[in-house]
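Below are the structure tokens for one structure; questions will follow.
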Amino acid sequence: MSRGGAAMLAMLDEHIDPDYQPTEKEVEEYAEWLGMDIDADRDLFWIARAGLKAPLPPPWKPCESEDNEIFYFNFETGESVWDHPCDEHYRKVYEKHKARKDGASGGGDSRKDKK
């Protein structure tokens, strides 16, 4: 959803609980959404935990659409997105650490192995 993708029903307040610890199920679901293999990448679940706890960067605000769906709106640029604005950052962090791990183990699906 870019500009004008959903009619805003309400801007929500973001409340950050400093003691929030995501459940194992939440971590697994988000890890999988980031592209992790639930079994092979458990050592990288710290990335998913950090992503689940990440606050919205300013000037993003959570909003609710007429369909009661949560989306994020940037009040400086007018951009709106369905995914948390930090999700792409955590996906890239995972990809970087995954490539490093695969390179260190000699396994994985690196480009030099393909011919």
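The values are calculated or read from the model by the stated rules, or taken from the named source; none is laboratory data. Given the structure is predicted, the values throughout are model-derived calculations rather than measurements. Here Cβ is always computed from backbone atoms with ideal geometry, including for glycine, and neighbour counts include all displayed protein chains. These accessible areas exclude ligands, DNA and RNA; they are computed on the full protein's heavy atoms, side chains included. Shrake-Rupley method; radii C 1.70, N 1.55, O 1.52, S 1.80 Å.
With no solvent and one equal point scatterer per Cα, compute the Debye intensity ratio I(q)/I(0) for segment 24-107 at 0.22, 0.24 Å⁻¹ and report its log10, rounded to two decimals.
Reported log10 I(q)/I(0), two decimals: -1.01, -1.12.
I would also like to ask the following. Which chymotrypsin sites (Phe, Trp or Tyr not before Pro) does segment 19-109 hold that lie in a coil by DSSP with at most 14 other beta carbons within 10 Å? Working shown, then result.
On the way: sites: 20, 30, 33, 45, 46, 60, 71, 72, 73, 75, 82, 90, 94; in loops: 20, 75, 82.
In loop regions of segment 19-109 (DSSP not H, G, I, E or B), the sparsely surrounded chymotrypsin sites (Phe, Trp or Tyr not before Pro) are 20, 75, 82.
Please calculate how many Å² of accessible area segment 9-60 carries per residue, with a 1.4 Å probe and no DNA, RNA or ligand atoms counted. Walk me through the numbers on the way to the answer.
On the way: 3340 Å² over 52 residues.
On a per-residue basis, segment 9-60 sits at 64 Å².
Over segment 26-112, what percent of the accessible surface lies on carbon and sulfur atoms, probe 1.4 Å?
Numbers: 2560 of 5270 Å².
In segment 26-112, the share of accessible area belonging to carbon and sulfur is 49 percent.
List the pairs from 53/92; 25/61; 61/101 whose alpha-carbon separation is above 23 Å, in the order I gave them.
Pairs exceeding the cut-off: 25/61; 61/101.
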